[in-house]
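S.K.: Quick one: structure below, then a few questions.
Readers should treat all values here as calculations from the given coordinates under stated rules, not as data from a laboratory. Since this is a predicted model, take the numbers as computed values, not measurements. Glycine gets a Cβ as well: all are built from the backbone with ideal geometry, and neighbour counts include every protein chain shown.
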Amino acid sequence: MLLRMSSLFLRTLRDDPADAEVPSHRLLVRAGYIRRAAPGGFTWLPLGYRVFRNVERVVREEMDRMGAQEVHFPALLPREPYEATGRWTEYGDNVFRLTDRRGADHLLGPTHEEMFTLLVKDLYSSYKDLPLSLYQIQTKYRDEARPRAGLLRGREFTMKDSYSFDVDDAGLDRSYAQHREAYVRIFDRLGLDYVIVSAMSGAMGGSKSEEFLHPTPIGEDTFVRSPGGYAANVEAVTTVVPDAVPLDGLPEAHVEDTPDTPTIETLVAVAQQLFPDAGYTARDTLKNVVVTLVRPDGTREPLVVGLPGDREVDAKRLEAQVAPAEVQPFTEFDQHPLLVKGYLGPQILGSGSKTGIRYLVDPRVVEGTRWITGANEPGKHVFNLVAGRDFGWDGVIEAAEVLPGDPAPDGSGPLELARGVEIGHIFQLGRKYAEALGLQVLDESGRLVTVTMGSYGVGVSRAVAAIAESTHDELGLCWPREVAPADVHVVATGKDPAIFTAAEELVAELVDGWGLTVLFDDRPKVSPGVKFKDAELLGVPTILTVGRGLADGVVELRDRASGERTDVPVSGARDAVLAAVRGGSQPATETGAPGAELAWSPTPGA
Ligand code: ATP
Ligand code: MG
């Protein structure tokens, strides 16, 4: 494949696009790989689409290799299956809904569990048909609250989604393990760094779940790691629970005047003044945070979360716990006169209490722990309020922020926090979807059993951005060979027509004789400086310059990533390019009959 820059549909830009927040977005737009078409929607231009298809190819090859079979669903889907599983409502504002001319409701698929379940139900009826893994690479639609960072969070994006079907749990474990291995191979081949973290199965139901996170400071996901190898996304981290303390002999609670202490800081200062010997810190206070839960059906419920005052509520952790309900700030203090803002205490909280408002506590609030907390009167706090003696709760919730240094739940050491982008997700759905949609098969003894499922996603378009993000340098993009839009970027530059002739000949041999994809800067009357800048920005891994050196019989080979330049004799240029493309250092020894069998693979689709 020959891509001539003189006619390629490409405009590189000198300036960063105004709306681009992250380097990958800036560079992909500046290098003419993508253009924004809609909020959270992008058009692939020729070079970008080549990278995209390379990523897609890697994903497809590895899915095929693990034995999954490719199908393709429509994106426009009927409401009924999603109604049957409850997700029509649960998805809330995140799904695009539309109505056809007959008044029938549809949605644009945000993910396809329901459809795959029904497809298998349609055609299969026996345990002998299983295990089965199906996948598709398809456009997904989600009305994301905040589309951002270009391809990283779109409203229309490409996902590889696959689904496994098994008769029993052991089968599901195997299918899950196979997907995990395939994902490892995919991301290794894409050159994308990843951490596999435990995740919550959350709103999807099911049990085991892991995410492949690409560590990057621009990521929206926070994850934790311990020196002993524990890794989890922050939503899945569980708190190490302290031992309960016997209630016998604990001091009585007492109310104190603590005027003007609506915050933890002011409260701790006053507590220290009142009781200088007690050594009180924020950790001795119990903070009660009121929020409003909004269910998918629109109903609202106030909820109070009690947690040690040295920690904030982590919105993502809280949301993961209450999903599919959403969390909104609580504003209705006027309708709940018993709730005294800034001086709220648990004595009036919980089902069966004066307010009846549901009260959930942090796992550190165990029986016998003593707290300084609101006395439910302005300017007053209560001291030594004992959990399990002076107040109770409706349940425990993992909603407090995780702090660096917190212990890993498996005892493997202190946690460190880092940020990442989710590039893949695997999880065991179990029987939730099969049950809701009636996917059953006959087992060996002729009994009907409900199938157990897994669901597995790779963000294909997101991966393009993640690769760009992790490989770019100050000069521009810098693609790994597996996904690069071309094998080599040949730059012809100079006034002498012999240069262009020599470059044309070399390019023809590389393309026609060796099946390479060559991006050829054959633009006449464009200055060398502009051509080199473009080559750096576009990021093809090998740059071959045919220029002034030709008079002395040499061309220049440059490795885009390392910047290393070598002069090679014109007669050896072809072999030098082939060696670079092949990734080895030794020159190719084949005599190069045009159309010769290749012992290695150039960019597919050439
Ligand atoms: P996130 O937490 O980043 O919103 P998710 O958990 O909602 O992702 P899944 O439903 O697990 O995503 O989708 C599978 C994969 O699809 C993700 O791992 C991610 O790589 C990709 N993906 C999800 N949402 C988007 C999006 N808005 N734009 C691009 N890729 C996405
Ligand atoms: Mg996910």
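S.K.: List the longest stretch of the chain that has no exposed loop site; here a site is one of the chymotrypsin sites (Phe, Trp or Tyr not before Pro) assigned by DSSP to anything other than H, G, I, E or B, with at most 14 other Cβ within 10 Å. Walk me through the numbers on the way to the answer.
M.R.: On the way: sites that count: 9, 600.
That gives 10-599 as the longest site-free run.
S.K.: While we're looking at this one, here's another question. What distance in nm separates the two pseudo spin-label positions at residue 71 and residue 335, each 7 Å out from Cα along the beta-carbon direction?
M.R.: Calculated label separation equals 4.5 nm.
S.K.: Apply the Karplus parameterisation 6.51 cos²θ - 1.76 cosθ + 1.60, with θ equal to phi minus 60°, to every residue of segment 392-397 and state each ³J(HN,Hα) to the nearest whole Hz, in sequence, with x for glycine and proline.
M.R.: Result, ordered by residue: x, 8, 8, x, 10, 9 Hz.
S.K.: If you average the sequence gap of Cα pairs under 8 Å that are 6 or more apart and divide by the length of the chain, what percent do you get for the contact order?
M.R.: Values: 1286 pairs, mean separation 102.5, N = 606.
Computed over the chain, the figure is 17 percent.
S.K.: Residue 4 versus residue 265, label points 7 Å from Cα toward the beta carbon: distance in nm?
M.R.: About 6.7 nm separates the two model spin labels.
S.K.: Just going by the charge dipole of the chain, with Lys and Arg at +1 and Asp and Glu at -1 on Cβ, which of 359, 461, 33 is farthest out on the positive end?
M.R.: Selected residue: 33.
S.K.: Efficiency by 1/(1 + (r/R0)^6): what FRET value for residue 575 and residue 37, r their Cβ-Cβ distance, R0 = 60 Å, to the nearest 0.05?
M.R.: Working: r = 43 Å, r/R0 = 0.71.
Here the calculated transfer efficiency is 0.90.
S.K.: State the Cα centre-to-centre distance between segment 495-558 and segment 233-303 in whole Å.
M.R.: Taking the Cα centre of each part, segment 495-558 and segment 233-303 sit 68 Å apart.
S.K.: What percentage of all Cα-Cα pairs in the chain are separated by more than 43 Å? Before the final figure, lay out each step's value.
M.R.: Working: 70562 of 183315 pairs.
Result for the distance tail: 38 percent.
S.K.: Taking H placed 1.01 Å from N in the peptide plane, check which residues at least 5 places from residue 400 or on another chain put their amide H under 5 Å from its amide H.
M.R.: 314
S.K.: Taking the Cα centre as origin and putting +1 on Lys and Arg beta-carbons and -1 on Asp and Glu beta-carbons, what dipole magnitude results for the chain, to the nearest 20 debye? Provide the component values of the computation, followed by the final result.
M.R.: Working: 63 positive and 89 negative charges, 350 e Å.
Dipole size: approximately 1680 debye.
S.K.: Please work out, to two decimal places, the log10 of the ratio I(q)/I(0) at q = 0.14, 0.25 Å⁻¹ from a Debye calculation in which every Cα of segment 488-581 carries one identical scatterer.
M.R.: Summing over Cα pairs of segment 488-581 leads to -0.42, -1.52.
S.K.: Compute the length gained on full extension between residue 300 and residue 208: take 0.36 nm times their separation in residues and subtract their Cα-Cα distance, giving the result in nm to one decimal. Each step should come with its number before you reach the end.
M.R.: On the way: separation 92, 0.36 × 92 = 33.12 nm, distance 3.04 nm.
Result: 30.1 nm gained on full extension.
S.K.: Something else about it: Of all DSSP beta bridges in the chain, what percent run antiparallel (nearest 5)? Each step should come with its number before you reach the end.
M.R.: Working: 91 of 114 bridges.
Of all bridge pairs located within the chain, approximately 80 percent are antiparallel.
S.K.: Shifting gears a bit: Between the alpha-carbon centers of segment 346-397 and segment 1-78, tell me the distance in whole angstrom.
M.R.: Here the two parts' Cα centres lie 53 Å apart.
S.K.: Give the relative contact order (percent, whole number) for segment 316-474; include only Cα pairs under 8 Å separated by 6+ residues. If you can, show how the numbers build up before the last one.
M.R.: On the way: 205 pairs, mean separation 25.0, N = 159.
That works out to 16 percent.
S.K.: Please report Rg (one decimal) and Dmax (integer) in Å for the Cα set of segment 476-519.
M.R.: According to the Cα coordinates of segment 476-519, Rg and Dmax are 12.2, 35 Å.
S.K.: Same structure, new question: If one computes P(r) from the Cα atoms of segment 254-396, what percent of pairs lie at distances over 24 Å?
M.R.: On the way: 2878 of 10153 pairs.
Counting pairs separated by more than 24 Å, the tail of P(r) holds 28 percent.
S.K.: Let's test the formula: R0 of 51 Å, r as the Cβ-Cβ distance of residue 104 and residue 240. What FRET efficiency results, to the nearest 0.05? Mind showing how you got there, number by number?
M.R.: Numbers: r = 52 Å, r/R0 = 1.01.
So the FRET efficiency works out to roughly 0.50.
S.K.: Once you treat every alpha carbon in segment 58-153 as an equal point and sum by Debye, what is log10 I(q)/I(0) at q = 0.10, 0.13, 0.17 Å⁻¹?
M.R.: One equal scatterer on each Cα of segment 58-153 leads to -0.35, -0.58, -0.91.
S.K.: Would you kindly derive the ³J(HN,Hα) couplings of segment 347-354 from the backbone phi angles with the Karplus curve 6.51 cos²θ - 1.76 cosθ + 1.60 (θ = phi - 60°), listing them in order in whole Hz, with x for Gly and Pro?
M.R.: Per residue, the Karplus-derived 3J(HN,Hα) values read 4, 10, 10, x, 5, x, 8, 4 Hz.
S.K.: Rounded to the nearest 500 deg cm²/dmol, what is the calculated helix-only ellipticity per residue at 222 nm for the chain, with -39500 (n - 2.57) per DSSP H run of length n ≥ 4? Intermediate results must be reported in sequence, preceding the final value.
M.R.: Numbers: 13 runs with 140 residues, N = 606.
Using -39500 (n - 2.57) per qualifying helix, the result is -7000 deg cm²/dmol.
S.K.: Run the quick spin-label model on residue 449 and residue 283: label points 7 Å from Cα toward the beta carbon, then report their separation in nm to one decimal.
M.R.: About 5.0 nm separates the two model spin labels.
S.K.: Also, quick follow-up: To the nearest 0.05, what FRET efficiency results for residue 403 and residue 169 with a Förster distance of 41 Å applied to their C-beta separation?
M.R.: Numbers: r = 36 Å, r/R0 = 0.88.
Calculated transfer efficiency: 0.70.
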